[in-house]
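The values are calculated or read from the model by the stated rules, or taken from the named source; none is laboratory data. Given the structure is predicted, the values throughout are model-derived calculations rather than measurements. Cβ placement follows ideal geometry from the backbone for every residue including glycine, while neighbour counts extend to all protein chains displayed. Please note that ligands, DNA and RNA were not included when accessible areas were found on the heavy atoms of the full protein model with its side chains. Shrake-Rupley method; radii C 1.70, N 1.55, O 1.52, S 1.80 Å.
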Amino acid sequence: MSQNAYQAVSRYVTRHPEILQGEPIIVGTRTSVRAIVELWRLGITPEEIPMHLPHLKLVQIFDALSFYLDNQEERNTYIERNRIPEELIPPAVKAAIINKITKSIIIVRYY
């Protein structure tokens, strides 16, 4: 992959046409801004997100959220276009996700 193909969006957010079809990602990773935003929209605080994505630093999380908020309309359109319809998610998967998120939020807030 050519280093020249990277398009810096902000200090920690970049795009590359060969990674996730050019979707904004965190520099040096394949983690999309969308993945971070989805966790945040589920009610997970920025400080809690590294528990779910331990390879990221808090500064990267805040930069991704800042990029999202600066480009919210475009990003929301992309997120909605790539969302799995609720009826296609098996109940057991939904329950496991909600259970995992609820436990992590309770544990973090307890301390």
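Can you tell me which residue among Glu18, Glu38, Glu73 is among the charged types (D, E, K, R), more than 15 Å from the chain's Cα centre (by Cα) and in a helix (DSSP H, G or I)?
Values: Glu18 fails: in a helix (DSSP H, G or I); Glu38 fails: more than 15 Å from the chain's Cα centre (by Cα).
Within the list Glu18, Glu38, Glu73, the selection yields Glu73.
Output the qualifying pairs, or none if there are none: Cβ atoms under 7 angstrom, residues six or more apart or on different chains, first residue in the range 6-22 and among the basic types (Lys, Arg), second residue surrounded by 12 or more Cβ atoms within 10 Å (Cβ to Cβ) and part of a helix (DSSP H, G or I).
Final answer for the pair search is Arg11/Asp63; Arg15/Gly22.
Please identify the pairs in which a residue from the range 58-82 that is under 17 Å from Arg30 (Cα atoms) has its Cβ atom under 7 Å from the Cβ atom of a residue that is surrounded by fewer than 13 Cβ atoms within 10 Å (Cβ to Cβ), counting only partners at least 6 apart or on another chain.
As it stands, the answer is Leu58/Glu47; Asp63/Arg11, since those pairs meet every condition given.
Could you please find all residues in the range 54-71 being open to solvent by less than 30 Å² (accessible area, probe 1.4 Å) and over 14 Å from Ala8 (Cα atoms)?
Listed by number, the residues that qualify are Leu56, Ile61, Leu65, Tyr68.
With the requirement that a residue be modelled with pLDDT of 90 or more, open to solvent by 30 Å² or more (accessible area, probe 1.4 Å) and under 21 Å from Asn76 (Cβ atoms), what does the range 1-27 give you?
Passing the criteria: Ser10, Tyr12, Arg15.
Being under 17 Å from Leu69 (Cβ atoms) and surrounded by fewer than 15 Cβ atoms within 10 Å (Cβ to Cβ) narrows it down to one of Arg30, Arg41, so name that one.
Arg41
When you look at Leu53, is it modelled with pLDDT under 90, of a type in the set (A, V, I, L, M, F, W, C) and closer than 22 Å to Arg83 by Cβ, yes or no? Full working, then the answer.
Details: modelled with pLDDT under 90: no; of a type in the set (A, V, I, L, M, F, W, C): yes; closer than 22 Å to Arg83 by Cβ: yes.
Judged against the criteria, Leu53 is not a match.
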